[in-house]
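Trainee: First the structure, which I've put down as structure tokens, then a few questions once you've had a look.
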Amino acid sequence: MQKLFIPLVSIFLFIRACIQNSSENSITIPALKEKFFSDSSIIILDVRTSEELNGTPGKLDEVINIPVQGLERRLPELEKYKGREIALNCTTGRRSANATDNLIQNGFDGKNILGGMVEHKSTE
């Protein structure tokens with residue numbers, strides 16, 4: 001019975017994190033586009049590497065780029081955006097989900113862009 005406890009708890013925590021991130025701490029591509037054009041205060045933070053930005057599927061204009069691997073160390077750069085909504089982007093939405101949690105834990109208003117660049121390219 002003990003052998004099952006840790007895997008079950010891990011699965012529960014993972015599912016709980018996914019549910020939380022997919023609701024109140026996330027934003028869809030259509031909602032982001034609408035908000036971006038109507039609200040000039042929203043910030044888009046791309047957490048992909050610079051190599052990814054130059055490759056496929058490309059990059060968005062008017063964004064801040066801080067790769068997720070260095071986000072914790074570079075949080076002071078984002079202090080001036082506290083109080084503003086920060087939408088986080090990556091390729092598929094997985095790394096940006098983790099980065100969103102990190103920002104929220106540090107007092108920022110973070111929203112994960114669901115589906116990331118893959119979703120963005122499919123809605124163009």
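The values are calculated or read from the model by the stated rules, or taken from the named source; none is laboratory data. Please read these numbers as outputs of a predicted model, since none were measured by experiment. Ideal geometry is used to build each Cβ from the backbone, glycine not excepted, and the neighbour counts take in all protein chains shown.
Trainee: Of everything in segment 84-97 that's polar (S, T, N, Q) and buried (at least 17 other Cβ atoms within 10 Å of the Cβ), which residue is farthest from the chain's Cα centre (by Cα)? Break it down into steps so the answer makes sense when it comes.
Mentor: Keep residues of segment 84-97 that are polar (S, T, N, Q), which gives 89, 91-92, 96.
From what is left, the residues that are buried (at least 17 other Cβ atoms within 10 Å of the Cβ) are 89, 91, 96.
On the way: N89: 5, T91: 10, S96: 3 Å.
That would be T91.
Trainee: Here's something else I'd like to know. Restricting attention to helices (runs of 4 or more DSSP H) lying wholly within segment 62-124, give those where 2 or more residues are closer than 23 Å to P30 by Cβ and at pLDDT below 95. Explain how you work it out, then say what you get.
Mentor: On the way: elements: 71-74, 94-105, 116-122.
So the answer is 94-105, 116-122.
Trainee: Of the conditions (1) at pLDDT 95 or above; (2) under 13 Å from the mean Cα position of the chain (by Cα); (3) surrounded by fewer than 16 Cβ atoms within 10 Å (Cβ to Cβ), S22 fails just one. Which one is it?
Mentor: (1)
Trainee: Which pairs have Cβ atoms under 8 Å, sit 6 or more apart or on different chains, and link a residue in segment 55-73 that is at positive phi to one that is at pLDDT 75 or above and not charged (D, E, K, R)?
Mentor: What qualifies is G58/M117; E62/I44.
Trainee: Among the numbered conditions (1) touching a residue at least 24 places away in the same chain (Cβ under 8 Å); (2) loosely packed, with under 12 Cβ neighbours inside 10 Å, tell me where L103 comes up short.
Mentor: (2)
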